[in-house]
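Please read the structure below before turning to the comments.
Nothing in this text is a laboratory measurement; each read-out follows from the coordinates by a stated rule. This structure is a prediction, so every number in the text was calculated from the model and none was measured. Reconstructed Cβ throughout: ideal geometry from the backbone, glycine too, with neighbour counts over all protein chains shown.
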Amino acid sequence: MSDPLDETNVLKLSKNEAKELLQKWREENTRNSESVRDIWLNTDFGSSLGDEKWQVLEQVCIAAIDLHDNELIKECLQQLDTKFPNSGRVKRLKIMAKLELRERFEDALQMYDQMIVKDESNSLLYKRKIAILLAERRVPEAIKELCEYLKKFMNDTEAWLQLSDLYIEEQEYSRAAFCVEELILANPHNHLYHERYAAIQYTINTADSLELSRSYFSQALRLNPNNLRALYGLLLSANSVAALPKTTSQKKRENLRLANWASTQITQLYRQSSDDESRINAMEGMLANLQITPNST
């Protein structure tokens, strides 16, 4: 249900279905701006929302800002401002609508700085500053702000992921790896974090990092044996470790067996999901080209 809905589908939603869908998107932090606006404009909620009306209005206001719908922005802000005349949340929406939307970014940053002085625990204000810096492609400044933000809100996994992405964009792979280490410490059973860390180590491409890459791709597969990206990563990293000059003959054989196992698992997953024999044969040929032929001993 996270995909944008066309108007026909929106009109088929009952009030309760529309209410539940909007709540689901809020909980998932999913914008779906066009669908949110369509639901609001095509559903007569009446008094069925109760106190939830104000959360929905904030959600609709953000959607309207995304869509540059000035009439709807005005309608939402008027109702919210009347209900909460001194609210910091409403003030933040006003800054988004009246400054950010008009690309008055420096004015918006100054306003957020003033609000942070009064409310240092408001994580949304820091996130708006970071969003502005990213919109202007001021990546080094965004990285600095994210680092400061994470000193105060260390448990924000989305922020760690974003900081990791920015470090990768700046080719600072060791720092990107540190960010993912924090995520793994916070959630050691998330196979995607292990896969991500392994991919970064593979990119660093030193002897030690390739060993780490292979180990973390292996752990990702222990947590989720069907992780296709981790299988490809294990195939590549095991082959790379086998090809290192310092690798002993025994370790080379072990790594080649591991790469061969990964190749077999990839083939099995493809066969389970596709009946196209030509496509499977092409994939098997590609995997064969990735394999290192062991030297006869």
Here the gain from full extension of I184 to S249, 0.36 nm per residue of separation minus their alpha-carbon distance, amounts to 20.1 nm
Farthest towards the positive end of the dipole of the chain, among L161, L185, S35 and with Cβ unit charges of +1 on Lys and Arg and -1 on Asp and Glu, lies the Cα of L185
Return the distance in nm (one decimal) between the two label points of a simple spin-label model at K15 and N86, each offset 7 Å from Cα along Cα→Cβ. 3.4
Can you tell me the length gained on complete extension of the stretch Q23 to K74, counting 0.36 nm per residue apart and subtracting the Cα distance? 16.1 nm
I'm a student and want to see the number: the projected area of the Cα convex hull of region 11-66, averaged over all directions, in nm². 3.4
Using the 4.7 Å Cβ rule, please list in number order the cysteines from the chain without any candidate partner. C147, C179
Compute the helix-to-body angle for 207-223: its Cα long axis versus the longest principal axis of the chain, expressed 0 to 90° and rounded to tens. 70
For region 131-288, alpha-carbon Rg relative to the globular expectation (2.2 N^0.38 Å, N residues): 1.20
Quick check: pseudo-label points 7 Å beyond the Cα along Cα→Cβ at D208 and R222, how many nm apart are they? 2.2
Extension length gain for L101 and Q268 (0.36 nm per residue less Cα distance), in nm, is 55.1 nm
State to the nearest 20 debye the size of the charge dipole of the chain about its Cα centre, where the only charges are +1 on K and R beta carbons and -1 on D and E beta carbons. 840
Please say if region 1-151 is rounded, prolate or oblate, where rounded means a/c under 1.5 for a ≥ b ≥ c the square roots of the C-alpha gyration tensor eigenvalues, and otherwise the choice is prolate for a/b larger than b/c and oblate otherwise? prolate
What is the local net charge at K19, summed over the other residues whose Cβ is closer than 13 Å to its Cβ (Lys, Arg +1; Asp, Glu -1)? -2
Between V139 and E170, what is the label-point separation in nm under the 7 Å Cα-to-beta-carbon projection? 0.9
Could you run the Debye sum over the Cα atoms of the chain, one equal point scatterer each and no solvent, and tell me log10 of I(q)/I(0) at q = 0.13, 0.14 Å⁻¹, two decimals? -1.02, -1.08
Based solely on C-alpha atoms, express the radius of gyration and the Dmax of region 30-110 in angstrom. 12.8, 41
Cα-Cα over 22 Å, subset of K19/K98; K94/K118; K98/K144; K24/K129; K53/K91: K19/K98; K98/K144; K24/K129
Could you tell me how many degrees, from 0 to 90 and to the nearest 10, lie between the Cα long axis of helix 173-186 and the main elongation axis, the longest principal axis, of the Cα atoms of the chain? 70
Please determine, in degrees from 0 to 90 and to the nearest 10, the orientation of helix 228-242 with respect to the longest principal axis defined by the Cα atoms of the chain, where the helix direction is its Cα long axis. 40
